[in-house]
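A short write-up of the structure that comes next.
The values are calculated or read from the model by the stated rules, or taken from the named source; none is laboratory data. These numbers were taken from a predicted model, which means no experiment stands behind them. Cβ sites come from the backbone with ideal geometry, for glycine too, and all protein chains shown count toward neighbours. With ligands, DNA and RNA removed, areas are computed over all heavy atoms of the protein, side chains included. Shrake-Rupley method; radii C 1.70, N 1.55, O 1.52, S 1.80 Å.
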Amino acid sequence: MRNRKYCRMLLCLGTAAIAGILYGNEAKAAETLKKPLITKEIAMALNAHLDIKSVWRAVSAENQYIEGLEDIGERVLLQMREEEESDETGELVLFSRMKSLAGTRVYANVTNYVNVRQKASTSSEVVGKLYAGNVATVIEEAGDWVYVNSGNVTGYVVKQYLLFGEEAEQAIEKRYTPKIRVNANTLNIRSGAGTGYDIIGTFSNGAEAELLEQGKEWMKIRFSSGGSGKTGYVCSKYVVVTGEPEYGETLAEEASRIAAEKKAAAEALAKKEAEKKAQAEKLKIDTAKKVADYAKTAVGTAYVWGGTNLYKGVDCSGLCYAAYQKFGYTLPRVSRDMAASSALLSVKPDTANLRAGDLVFYASGGRVDHVAMYIGDGKVVHASDYTTGVIISRYNYRTPHSAKRVIY
């Protein structure tokens, strides 16, 4: 009887290993184990300190322990208990020394995200999501699922989308490198965790360093000095910790984040458009000022009726016409047509509204008969008359009739 029990034990061990029971495939093992042994129970023992010899003594004290089972016992112990008055039928119990996943970290090994569900079923309600690279902690196993917590989301996730054990830890270490970022103008690096230790270096605002140990008052860091890496301590209240693992989101958190991202994107776009518009406006103002500066170079040039040469002679409209033509803008040739042009923007003829390059018109009896170019500081440049030629005057040396902007 005793020899038969030993033989059955060894046979079951070999059969179970081949069937995959050593790797958690209980269903396959149960299918493989046929009579004369009946698999009535496969019990998972979660105690990581299970000792095969102790279990052997407890369940079969009258039998001598079979040496050589230690290596197998590190993972599996098969115990035979014969039923009363039965020589042929036994009971198989599996004690596993595989460590429980409870309390271990897992890594979301997905391209985008994996759903976290209320129950261990694909038809169950989605309560949150683990995005690629998110880290979670296992609460318990449930077949092909694990019950996890990540941030504020807790629920079931399909195992196949997660990395476990050493593989998970390696992925976490590779993706996340804890660092500190300095948020003070100058921060001392000390040789120990306290102000009584020597200062061995300093950081400027925004500097980063590798975080080795995170403390409430002091952080141990690794930093570069003289081309080599050194360790030191910095005061916790002057740094921000970055590079920590990222966690999952509840559906409410996801919705809030997406809304915030959309708002931020819209604000960023509006800011970009405003900056673009401001740059375009500045370019227009700068170009109009260049036109006005160019027109000022004609000061002293003779007044010539119909003239458009800033150095040989111009009339009032000829001065404005030639100055703008230099920069690629074509104006009507005479002042009355300039004042009436719908292609030009009407502005109020006062210093609160006029900009360098604007055309200021004057009239006699309601009829425009003169034009000058505003140059800033309440002044205009214009071809006055045959006596004075091109001069600079106050913009209101005559009462302005109207004004037009060429570049707008």
| field | ³J(HN,Hα), Karplus 6.51/-1.76/1.60, whole Hz, each residue of the stretch 154-160, x for Gly, Pro | value | 9, x, 9, 10, 5, 4, 4
| task | Would you tell me the accessible area of residue 405, worked out with a 1.4 angstrom probe on the heavy atoms of the protein chains, in Å² to the nearest 10? | result | 30 Å²
| query | So for the stretch 95-222, Kirkwood radius off the Cα pairs, Stokes-Einstein at 20 °C and 1.002 mPa s: how many µm² s⁻¹? | reply | 124 µm²/s
| Of the heavy-atom accessible surface of the stretch 143-213 (probe 1.4 angstrom), what whole percent is carbon and sulfur? | 39 percent
| query | Taking 0.36 nm per intervening residue step and subtracting the Cα-Cα distance, what contour gain separates residue 325 from residue 268 on full extension? | reply | 16.7 nm
| said: What distance in nm lies between label points placed 7 Å from Cα along the C-beta direction at residue 191 and residue 166? | reply: 3.9 nm
| note | With 0.36 nm assigned to each residue of separation and the Cα-Cα distance removed, residue 123 to residue 364 gains 78.1 nm
| Hey, what's the Cα Rg ratio for the stretch 179-236 versus the globular rule of thumb, 2.2 N^0.38 Å? | 0.98
| For a label point 7 angstrom out from the Cα of residue 257 toward its Cβ, which stretches of the stretch 169-195 have the backbone nitrogen within less than 20 Å? | 171-179
| message | At 1.4 Å probe size, put 145, 305 in order of accessible surface, largest to smallest. | response | 305, 145
| query | Label points 7 Å out from Cα along the Cβ direction at residue 397 and residue 228: separation in nm? | reply | 7.9 nm
| Violating pairs (Cα-Cα greater than 18 angstrom) within the set 290/379; 282/348; 272/404; 379/404; 312/379 | 282/348; 272/404; 312/379
| To one decimal place, what orientation-averaged projected area in nm² is obtained for the convex hull of the Cα set of the stretch 252-408? | 11.4 nm²
| task | Could you bin all the Cα-Cα distances of the stretch 327-408 into 5 Å bins starting at 0 and give me the percent of pairs in each, rounded to whole numbers? | result | 3, 16, 28, 27, 19, 6, 1
| Which residues in the stretch 129-143 place their backbone N less than 11 Å from a point set 7 Å from the Cα of residue 174 along the Cα-to-Cβ direction? | none
| field | Using θ = phi - 60° and Karplus 6.51 cos²θ - 1.76 cosθ + 1.60, couplings along the stretch 391-400 (whole Hz; Gly, Pro as x) | value | 9, 10, 9, 5, 4, 10, 4, 10, 5, x
| message | Using only the heavy atoms of the protein chains and a 1.4 Å probe, how would 154, 287, 351 rank by accessible area, largest first? | response | 351, 154, 287
| remark: The set of residues whose placed amide H lies less than 5 Å from the amide H of residue 369, leaving out same-chain residues fewer than 5 positions away, is 362, 363, 364
| From the phi of every residue in the stretch 258-268, what ³J(HN,Hα) in whole Hz does the Karplus formula 6.51 cos²θ - 1.76 cosθ + 1.60 yield, where θ is phi - 60° and glycine or proline is x? | 4, 4, 5, 5, 5, 5, 5, 5, 5, 5, 5
